[in-house]
Structure formats: structure tokens, C-alpha cells
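The values are calculated or read from the model by the stated rules, or taken from the named source; none is laboratory data. As the structure is a prediction and not an experimental result, all values here were calculated from the model. Reconstructed Cβ throughout: ideal geometry from the backbone, glycine too, with neighbour counts over all protein chains shown.
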């Protein structure tokens, strides 16, 4: 007879073991971190089947009293909603005490405030950044990709023959296999990285490996600060804001359609076809080319 988990710690450990291949490494790491920091010491040894709605709401109230941001609280609550759904599917329990908890309302939209001139300076700084691998990472980010998508890219995802690169389901928010056509500039980036690979990390599977460990890069914040200095951007800007930059500039300045920009940023999923190839993969190339051409002119 299999032993069913009884405590929250037992349930959480089993969930992570069984479901780890269904989420990215970053997502799993984040869930484990939130659980250890905010829940394990006080509640971990309790029987999760005895946990009621009032207990779940009390836990949320504790997070509020700690001063956590509403978005962070939502992320933590979502972990337990999923954890209980896992328990229900396995018939360990019948109810989810977190399903109706109340968290503070929040507006997660970020107003991006760079002017067109600052955006152009930023793009030019990316194109002239003096460190080849970091320049390649930033150029790929300028193609609408999220940081984890870029740092997780492997050579299996690059299709030089068809000028396509793939962002696979485990590393994107849409949880769908996505295909994008390379611009000439991005193809040049990948070819440069291929040459760097043979010199520094010949056995690494990553397109942008750490030059020290040849494994996945974990942090590029120092390089991003250097980039902002080169671009003379003195306003607060996060790496994720590069995606806001693309959206703002494409729609408001270049007049591109929301549908085109949405696809470029990976907001619209596409169905898996033979080798992921789809005519819509051309859209991302069109959008990014127009952005670069508006800044530097000519073909990229």
C-alpha cells in the first residue's frame, strides 16, 4: 500500500518530486523558496487535511502584516492553490482551503516612461555594446524574448536551415511551443555564438553559456547596468522593461498592430506543426526589423 502524505512538508516534497518536469527550473526554485521562507517552519508539520479556509485566510493576513506586496502574496497563494489541486487529484483530500481566500487588490501594469529618443539610444547601445556574448543576449532580448527564454536557449532550438528559433513550452509563459523567424542580425548573433562555443565551451548545450562554468548563466544585472550607462539612461529600468520598450515603441511610434506586437512578445500561442513551422513565424521578424530600421536605417 502506498503511503499518502500527511503533513504539508510531505505533500510539498511529493509535489515537487512528481511535478518538477512540468515547470521550469526557475519556477520550481521560486516555489521552494517561497515555501521555505513563509510557510515551512510554522505550518509544515501540520496535517494539510485539517487546514480550513480560516487558516488559509489567516496565513494570507500574516503575509499582509509582513508588508509583502499584493502581487507577491498572490504568487504565494497560487502555489498552495496548485498544491491542493494536486492533493485533490490524488484523492488525498476533497477541498481546497485556498480557493476563495481574499488578497489585496493590485494593478500590476507598469507604465513605461522612456522617450522615443531614449529608446533609440538604448537600442543603439545594445548594438554597440563592446562585449560580444552580452551584446548577443541583449539583442535577443530586443527580439521580444524574456530573460529566462534567452538564457535557456540551447542549440537544439536553433534551426539555421529554416532561419527559425524555437522557444519551447517548458521555458515560456504560454506553455506552448513557439517558433520565431530570425532577423539577419539575430542569425549573425547565433553564428557568432557558435564560433565562441568551439573556443570556450565546446560541449555546452546552451547558446549563451557562462564562460566560466559553461553552464546556464544565472545573472546579467552587472552587464545591464553597464548597458544603461552606455545608453545614458538615468531613469529606473529593469531587464524585463525591454519588452515594454518593444511594445511601446512598436505600437505608439511605428504604428504596428497590436496583434503583430503581441505575437512578437509571445503573448499569442501557436499550434505545434511540422517542426513548429508556421507562416506566423515571419511576423516577429517583420516587427523587429522595423524597430531596428527606424533606429539605424538599412537592413538588419
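Summed over segment 149-169, residues that are part of a helix (DSSP H, G or I), more than 17 Å from residue 204 (Cβ to Cβ) and in contact with a helix residue (DSSP H, G or I) (Cβ under 8 Å, 6 or more places away or on another chain) total 1. Within segment 51-82, the set of residues being over 20 Å from residue 29 (Cα atoms) and outside any helix (DSSP H, G or I) comprises 51, 52, 66, 67. Does residue 124 satisfy the condition of being in a helix (DSSP H, G or I), over 30 Å from residue 210 (Cβ atoms) and in the same structural domain as residue 211 (by TED's automatic domain parsing)? In short, no. Of the candidates 200, 162, 148, the single residue that is surrounded by fewer than 19 Cβ atoms within 10 Å (Cβ to Cβ) and under 18 Å from residue 246 (Cβ atoms) is 148. Considering every residue within segment 21-34, establish whether at least one is in the same structural domain as residue 75 (by TED's automatic domain parsing), loosely packed, with under 15 Cβ neighbours inside 10 Å and more than 18 Å from the chain's Cα centre (by Cα). No, segment 21-34 has no match at all. The residues of segment 83-92 that are in a helix (DSSP H, G or I) and either surrounded by 20 or more Cβ atoms within 10 Å (Cβ to Cβ) or in contact with a helix residue (DSSP H, G or I) (Cβ under 8 Å, 6 or more places away or on another chain) (or both), listed by number, are 83, 84, 86, 87. The sole residue among 173, 205, 187, 229 that is more than 17 Å from residue 159 (Cβ to Cβ) and modelled with pLDDT of 75 or more is 229.
Conditions tested, residue by residue: (1) over 19 Å from residue 293 (Cα atoms); (2) touching a residue at least 40 places away in the same chain (Cβ under 8 Å); (3) in the same structural domain as residue 227 (by TED's automatic domain parsing); (4) under 20 Å from the mean Cα position of the chain (by Cα).
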{"residue": "120", "(1), (2), (3), (4)": "no, yes, yes, no"}
{"residue": "129", "(1), (2), (3), (4)": "no, yes, yes, no"}
{"residue": "152", "(1), (2), (3), (4)": "yes, yes, yes, yes"}
{"residue": "168", "(1), (2), (3), (4)": "yes, no, yes, yes"}
{"residue": "187", "(1), (2), (3), (4)": "no, no, yes, no"}
{"residue": "194", "(1), (2), (3), (4)": "yes, no, yes, no"}
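The set of residues in segment 194-220 being closer than 14 Å to residue 150 by Cα and not in a loop (DSSP other than H, G, I, E, B) consists of 206, 209, 216.
Looking at (1) surrounded by fewer than 17 Cβ atoms within 10 Å (Cβ to Cβ); (2) within 22 Å of residue 25 (Cβ to Cβ), which is the one condition that is false for residue 207? Failing condition for residue 207: (1). For segment 55-71, the criterion of being under 16 Å from residue 6 (Cα atoms), over 24 Å from the mean Cα position of the chain (by Cα) and modelled with pLDDT of 95 or more is met by none of the residues. If you go through segment 224-257 and pick out every residue that is within 17 Å of residue 146 (Cα to Cα) and surrounded by fewer than 13 Cβ atoms within 10 Å (Cβ to Cβ), you end up with 2. Take segment 239-261 and flag every residue that is at pLDDT below 90 and part of a loop (DSSP other than H, G, I, E, B). Answer for segment 239-261, where residues must be at pLDDT below 90 and part of a loop (DSSP other than H, G, I, E, B): 240, 254, 255, 256, 257. Being modelled with pLDDT of 95 or more, assigned to a helix (DSSP H, G or I) and closer than 30 Å to residue 168 by Cα holds for only one residue in 17, 41, and it is 17.
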